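Read the structure below first, then the notes.
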Amino acid sequence: QSGAFQHSSFLHGARVAAAGLIKIKRGQLRKLSPLSGHYAPPVKNFREFVRALKDAGADMSRCSISRSYAVLLGLEGYQGAKKHVKLAEQSVKDLINPEEKRKREEAEKDKSQSAETERRVLEQKRLEDSRTRSFSLRVKKGLGLVDGAGEGEEGSKEMQQVDAGAAQR
């Protein structure tokens, strides 16, 4: 009913840590279930709720956990495995057709103005870094601090000469 106070009204539709059913009989906690009509937090949250009850000293000796918990665990596991298979299939497709991968990634990009600005700034920084590395490499080569093979094989001629001189002694 519109305008009526519902149990979901307590949080005004905000996110919750856990949801479900609690059965209490004669002041004792008897049953817990993660099933909820409005909210659908992950099963992990329900586990954390049960742990928090135990940590708070709740008597769980007569409490049963609904079988729906096991069903939800199985569903989450299945969905996770299905997602991994789908990602693996996509990785293979991307290897076979890199152009399709580029098109898909372009379509998935955040098209907002702030995202575009961030991409430009990051690209500009990457270019400046590569120019700086390139310039410093040319300077090192010019000074004879790096041989012609590249930046990975650092070592000055003086160090090589010292090593050669030590080997002759």
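The values are calculated or read from the model by the stated rules, or taken from the named source; none is laboratory data. Just so we're clear, the structure is a prediction, and the values are computed from it rather than from any experiment. Heads up, the Cβs are rebuilt from the backbone with ideal geometry, glycines too, and the neighbour counts pull from every protein chain shown. Heads up: the accessible areas ignore ligands, DNA and RNA and are worked out on the full protein's heavy atoms, side chains in. Shrake-Rupley method; radii C 1.70, N 1.55, O 1.52, S 1.80 Å.
Could you work out how far apart the two model spin labels at SER36 and ALA107 are, taking each label as a point 7 Å from the Cα in the direction of the beta carbon, and quote it in nm?
The two pseudo-label positions are separated by 3.4 nm.
On the accessible surface of region 55-116, probed at 1.4 Å, how many percent belong to carbon and sulfur atoms? It would help to have the intermediate numbers written out before the result.
Numbers: 2940 of 5200 Å².
About 57 percent, which is the carbon plus sulfur part of the accessible surface.
Could you report region 1-138's accessible area per residue, 1.4 Å probe, as an integer in Å²?
Numbers: 11380 Å² over 138 residues.
Accessible area per residue, region 1-138: 82 Å².
What does a probe at ALA88 reach in region 62-82, counting residues whose amide N is under 17 Å from the point 7 Å along Cα→Cβ?
77-82
Quick query: amide H of LYS31 versus all other amide H atoms, modeled in the peptide plane; which residues come in under 5 Å with a sequence gap of 5 or more or a different chain?
Correct list: LYS23, SER64.
Here is the link list: LYS83/LYS109; LYS44/LYS125; LYS25/LYS83; LYS83/LYS125; LYS109/LYS140. Which ones come out longer than 32 Å on Cα distance?
On the way: LYS83/LYS109 21 Å; LYS44/LYS125 40 Å; LYS25/LYS83 41 Å; LYS83/LYS125 35 Å; LYS109/LYS140 39 Å.
Over 32 Å apart, Cα to Cα: LYS44/LYS125; LYS25/LYS83; LYS83/LYS125; LYS109/LYS140.
Run the quick spin-label model on LEU53 and ARG26: label points 7 Å from Cα toward the beta carbon, then report their separation in nm to one decimal.
1.8
When ranked by the protection proxy of mean other Cβ atoms within 10 Å per residue, highest first, what sequence do the peptides 50-59, 137-146, 104-113 form?
By packing density, highest mean first, the sequence is 137-146, 50-59, 104-113.
Determine the sum of side-chain charges near LEU127: Lys and Arg each +1, Asp and Glu each -1, restricted to other residues whose C-beta is under 13 angstrom from that of LEU127. List each step's numbers first, then the result.
Values: positive: ARG119, ARG120, LYS125, ARG126, ARG131, ARG133; negative: GLU123, GLU128, ASP129.
Around LEU127, the surrounding residues sum to +3.
Residue by residue through region 43-53, which ³J(HN,Hα) values in whole Hz follow from phi under the Karplus form 6.51 cos²θ - 1.76 cosθ + 1.60 (θ = phi - 60°), with glycine and proline marked x?
Ordered by residue, 3J(HN,Hα) equals 4, 3, 5, 5, 4, 5, 5, 4, 4, 5, 4 Hz.
Can you tell me which of 124-134, 67-77 comes out highest on packing, and rank the rest after it, using the mean Cβ neighbours within 10 Å? The partial results should precede the final answer.
Values: 124-134: 10.2, 67-77: 13.3.
Packing proxy ranking, top to bottom: 67-77, 124-134.
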